[in-house]
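The values are calculated or read from the model by the stated rules, or taken from the named source; none is laboratory data. These numbers were taken from a predicted model, which means no experiment stands behind them. Positions of Cβ are generated from backbone atoms using ideal geometry, with glycine treated the same way; all protein chains shown enter the neighbour counts. Calculation scope for accessible area: heavy atoms of the full protein, side chains included, ligands and nucleic acids excluded. Shrake-Rupley method; radii C 1.70, N 1.55, O 1.52, S 1.80 Å.
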Amino acid sequence: MLQSLGARARRAFFLVPFAYFATTAISSAGEADVVNIYSYRQPDLIQPMLDAFTAETGIRTQIIFAQKGLEERIRAEGANSPADVILTSDISRLAAARDIGVTQPVDDAGISANIPPQYRDGEGHWFGLTLRSRVVFASRQRVAQDAITYEELADPKWKGRICTRSGQHVYNIGLIASMIAHHGEAWTETWLHGVKANLAVKPTGNDRAQAKAVYAGQCDIAIGNTYYIALMRTNDKEPDQKAWADSIKVLFPNAAGRGSHVNISGMALAARAPHRDAAVKLMAYLTGDAAQKLYAETNHEYPVKAGVPVSEMVASFGRLNADPLPLSEIAKNRRTASELVDRVGYNDGPNS
Ligand SMILES: [Fe+2]
């Protein structure tokens, strides 16, 4: 039997912008055959894995999707929260969920065996499911070099040639936090000033919009996540995006050195988790071969589990040499990264 949300939970829901129910009601307790997922990931990106899980186990899943505020929502719901599993598309929100106390540890030998230690919390509060590298989208026409470093993005030779989305977006915060981990705060502030001075325009739009800007000649290099190239190249709904992607080549920054920055999409078990056993089953399933293969083939992400191959298209980008920095180090520096973005006025653009 489905139960509708309590009044308190409903109130919390309406405070969350951009949220919607993918299902008409969320089961709050009592059913062993359902898992309630609070997701920052678009439902269509995860539905194939969830369907495969249901087919194998008979356990249903229900998704609440939002672009922000899910951990605050779970906190507001308190003891009434129907949330079992939290899914995110980056490390910052996993760390934030742990920080405000809406996660609980999971100690599962199968999950730990499938996920390398640098991609999960040491105490089991969060786990990476897939990797995405934050790479340089370089114009095939206007950029001759085939190698680059993040450090080089501050070199005046790129003046007026770089496009990025907002410095405060979680994907850029992850990258800047990794720079702090490698070089320290003061060095990273100077570097970020340099990158800002090289921007062609004020940061705007998403990662795909940066590829479009390179295609349109607005800038020569942009920063974006690997899977967007593949999703644009195969986009039959918006075929214009194929031309954007075809105009750029993927440069893996620091490939010959410490490796390219990677972020994770990941999961956490909610603190109350009314369907704990089913939730842990789902979490284990998502780290297994079948789901990891779907992540690779359908979403063009890098599987977190060793031995699961990447998609053919992702393989065509070249080999990813991932920076081995533990994601917990990136999580630690995320607030400082956000402060730096404000302090240098990154989002005000190059001429401010
Ligand atoms: Fe994304």
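Here are some notes:
- Listed residue pairs exceeding 28 Å between alpha carbons, taken from 202/293; 202/249; 281/305; 68/281; 159/237; 196/305: 202/293; 159/237; 196/305
- When the trypsin sites (Lys or Arg not before Pro) in the range 301-352 are filtered for DSSP coil states and for at most 11 other beta-carbon atoms within 10 Å of their beta-carbon, the remaining sites are 319.
- Phi-derived couplings, Karplus 6.51 cos²θ - 1.76 cosθ + 1.60 at θ = phi - 60°, listed residue by residue for the range 292-308: 4, 5, 5, 4, 5, 7, 7, 9, 6, 9, 7, x, 7, 7, 4, x, 8 Hz, with x used for Gly and Pro.
- Accessible area expressed per residue, the range 41-127, with surrounding protein chains retained (probe 1.4 Å, Å²): 37 Å²
- If you take the alpha carbon atoms of the range 148-240 and fit the smallest convex hull around them, that volume is 97 Å³ per residue.
- Accessible area of the range 268-349 belonging to carbon and sulfur atoms, whole % at 1.4 Å probe: 49 percent
- In the range 177-322, the convex hull through the Cα atoms has an average projected area of 11.8 nm², a quarter of its surface area.
- Applying the criteria of a DSSP loop state and at most 13 other Cβ atoms within 10 Å to the trypsin sites (Lys or Arg not before Pro) of the range 79-178 yields 140, 142, 159.
- Alpha-carbon radius of gyration plus Dmax, which is the widest Cα pair, for the range 180-223 in Å: 12.7, 36
- Over the range 252-293, the ratio between the Cα radius of gyration and 2.2 N^0.38 Å evaluates to 1.74.
- When the alpha carbon gyration tensor of the range 157-210 is reduced to an equivalent ellipsoid, the three semi-axes, largest first, read 19, 15, 7 Å.
- Principal semi-axes of the equivalent ellipsoid, √(5λ) from the alpha carbon gyration tensor of the range 243-352, are 30, 24, 14 Å from largest down.
- Two-decimal log10 I(q)/I(0) for the range 52-112, as the Debye equation yields it once each C-alpha is a single scatterer, q = 0.12, 0.14, 0.28 Å⁻¹: -0.37, -0.50, -1.26
- Electrostatic dipole magnitude of the chain [Cβ: Lys, Arg +1; Asp, Glu -1; Cα centre; debye, to 20]: 740 debye
- Sites listed here are GluC sites (Glu not before Pro) in the range 45-136 whose DSSP assignment is loop and whose Cβ has at most 16 other Cβ atoms within 10 Å: 123.
- Charge tally for residue 84 (other residues, Cβ to Cβ under 9 Å; Lys, Arg +1; Asp, Glu -1): +2.
- For the range 35-145, the spread of Cα coordinates along the three principal axes comes to 57, 34, 30 Å, biggest extent given first.
- In the range 193-258, Rg over Rh equals 1.00, where Rg is the alpha-carbon radius of gyration and Rh the Kirkwood radius from pairwise Cα distances.
- Taking other residues whose beta carbon is less than 13 angstrom from the beta carbon of residue 350, and scoring Lys, Arg as +1 and Asp, Glu as -1, yields +3.
- Prolate/oblate/rounded call for the range 94-220, Cα gyration tensor, a/c under 1.5 rounded: prolate
- Local net charge near residue 201, Cβ-Cβ under 14 Å (Lys/Arg +1, Asp/Glu -1): +4
- The chain: proportion of alpha-carbon pairs further apart than 25 angstrom, %: 53 percent
- Projecting the Cα atoms of 145, 190, 178 onto the charge dipole of the range 107-194 (Cβ charges, centred on the Cα centre) puts 145 farthest toward the positive pole.
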